[in-house]
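Nothing in this text is a laboratory measurement; each read-out follows from the coordinates by a stated rule. Bear in mind that the values here come from a model prediction, so they are computed numbers and not experimental data. All Cβ positions, even for glycine, are placed from backbone atoms using ideal geometry, and neighbour counts span all protein chains on display.
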Amino acid sequence: MGKRDKARYMNIAEGSIGECEYYLILTQDLGYASTENLRAQLEEISKMTRAYAHAILNSNF
């Protein structure tokens, strides 16, 4: 698997993270549960995923 494939995989993961965020917002808005903690954790995961994709594309391997 090459750099571009790995970066694309991370991009797909970002899309899934966005979908999860949508459902957490919906859950909060409908009053089913408080999701602030989960959304904060998801934001951290998103940052790590973006950083990993950036590192993959800028590596010399």
Rule-of-thumb Rg ratio for the chain [Cα; 2.2 N^0.38 Å; N residues]: 1.37
3J(HN,Hα) from dihedral phi, region 7-17, Karplus parametrisation 6.51/-1.76/1.60, rounded to Hz, x for glycine, proline: 5, 5, 4, 5, 5, 5, 4, 4, x, 5, 4
Dipole-positive endmost among Ala33, Ser16, Thr49 within the chain (Cβ charges, Cα centre): Thr49
